[in-house]
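So the structure is just underneath, and the comments pick up after that.
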Amino acid sequence: MSFHINQRQLYSVICHGSSLLSSLIISIAIPIIILLVIDDDVVKQNAKQVINFQFHLLILFISSGILFLITFSEWLAALLILVCLFCNLFVPIIAIVRVSNNPNQVYDYGLKQYV
């Protein structure tokens, strides 16, 4: 199926914008649904990037909690959580702007791909 540029742009923006939602389940479920339903390769790659990004953030949140439990270092755990919150807010906005400006290109978060 040949995707129109506006459709590709819309679905890619929805994938990246889902990261801004508060629930982890929703922010991962939307890209998974788009990955399964849409047949466009660029949209699928954008969805995979978002899922991978959310998994990395989840791992960082969990590791900051474990680090707090092991070291009782509140400032270090707080610093890691602030980094997570900063990344969860600003990196998807950058991705949305990049995908909106160039819908034919996949936005790469620069993380190792697990999905």
task = Looking for whichever is surrounded by 16 or more Cβ atoms within 10 Å (Cβ to Cβ), more than 9 Å from the chain's Cα centre (by Cα) and not hydrophobic (A, V, I, L, M, F, W, C) here; the options are Ser12, Ser63. Which one fits?
result = Ser12
ask   = Considering region 72-82 alone, what residues qualify as being loosely packed, with under 11 Cβ neighbours inside 10 Å and modelled with pLDDT of 80 or more?
value = Trp75
ask   = Any residue at all in region 98-109 that is modelled with pLDDT under 85 and either out of contact with any strand residue (DSSP E or B) (no Cβ under 9 Å at 6 or more places or on another chain) or assigned to a helix (DSSP H, G or I) (or both)?
value = yes
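Rundown of residues vs (1) without any contact (Cβ under 8 Å) to a residue 12 or more places away in the chain; (2) farther than 20 Å from Arg8 by Cβ, yes/no style:
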{"site": "Ile33", "(1), (2)": "yes, no"}
{"site": "Lys48", "(1), (2)": "no, no"}
{"site": "Leu58", "(1), (2)": "no, yes"}
{"site": "Ile70", "(1), (2)": "yes, yes"}
{"site": "Ser73", "(1), (2)": "yes, yes"}
{"site": "Leu79", "(1), (2)": "yes, yes"}
{"site": "Val99", "(1), (2)": "no, no"}
{"site": "Tyr109", "(1), (2)": "no, no"}
message = Taking the criterion of being among the hydrophobic types (A, V, I, L, M, F, W, C), crowded, with 19+ Cβ neighbours inside 10 Å and either within 25 Å of Val83 (Cα to Cα) or under 11 Å from the mean Cα position of the chain (by Cα) (or both), would at least one residue in region 35-50 satisfy it?
response = yes
Test result for Leu85, at pLDDT 85 or above, more than 13 Å from the chain's Cα centre (by Cα), loosely packed, with under 14 Cβ neighbours inside 10 Å and among the aliphatic types (A, V, I, L, M) = no
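The values are calculated or read from the model by the stated rules, or taken from the named source; none is laboratory data. Quick caveat: nothing in here was measured; it's all calculated off a predicted structure. Neighbour counts run over all protein chains shown; Cβ positions are idealised from the backbone, glycine included.
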